[in-house]
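Note sheet for the following structure.
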Amino acid sequence: MPVSCTRPRSAATIAALSWFALAALTACGDDDGRAAAAVTASLSGSVVTDESADLGSIVIGWGETHSDTEITTPRPDEVSARCYGRGKQLAVDITAAHGWKIHARHGSQILTIENTDQDLAPADVDTTNKYRGALQAVDWTQPDHADIAATIDAPQDWNQADQQRRVYLSLHVDCNEKRRTP
C-alpha cells in the first residue's frame, strides 16, 4: 500500500504553526503589553547621521535630508513604545511621528521597520556590524531596556533604482514599570 505524505506534512505544518503561536505568546506575554516608562535618545553616544544638530536627539528616518518624509528628530512625546514580556523575552513595538513603526526582539540585531505614511512595507533590517562584531547597534545589556543607534542600508524594496538610501535610528526604550509619584 502506498504511503501518503499528505497527513504527516499537514501534521508537521500544524505542529510548526502551534509552536510559532506558543512562542509568540511566550515572547509577547498573554496580555496587551504595557506602555514604556520612557522613550529618549540613544544612551550609546553613537552618532547616526552627519548632522551635528542630531546629537542628543531621537532620530528616526531614511534618506538624505531632515524633513517629515526623510530623517526626523521627533520629540519624546511624539514617540510611543509598547513592551511585551520581560528580560530575555522582551519585545518592543515603537511608533513615531510621520508613520514610522519599529519592532525589536530581545537579543536580536534585526529590526522590522515600516512607514505607513510613505507606504514603505514592513522589512527586516540587519543592524549587525559586519566589520566589528563587538559593536552592536541594538544594545540589550540593560535589563528591560532597548538602546538603538543604527545607520544601515534601507531595504531594497524601498530604494529607487538610481539611489541607495540609508536608515537612521537613534532611540532608547525603558520598558520598566512607570514609577508613580506619591
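Read-outs: derived from the displayed coordinates by stated rules, not from any lab. All values reported here derive from a predicted model rather than from experimental measurement. Positions of Cβ are generated from backbone atoms using ideal geometry, with glycine treated the same way; all protein chains shown enter the neighbour counts.
Out of all the residues in the stretch 89-110, which are farther than 15 Å from Leu171 by Cα and without any contact (Cβ under 8 Å) to a residue 24 or more places away in the chain?
Gly99, Ile110
Please go through the stretch 113-129 and give me each residue that is buried (at least 17 other Cβ atoms within 10 Å of the Cβ) and either touching an Asp or Glu at 6+ places or on another chain (Cβ under 6 Å) or of a type in the set (D, E, K, R) (or both), ordered by number.
Glu114, Leu120
Has the stretch 45-58 got at least one residue that is in contact (Cβ under 8 Å) with a residue 40 or more places away in the chain and charged (D, E, K, R)?
yes
Please determine whether any residue of the stretch 93-103 is in contact with a helix residue (DSSP H, G or I) (Cβ under 8 Å, 6 or more places away or on another chain) and either closer than 20 Å to Val39 by Cα or charged (D, E, K, R) (or both).
yes
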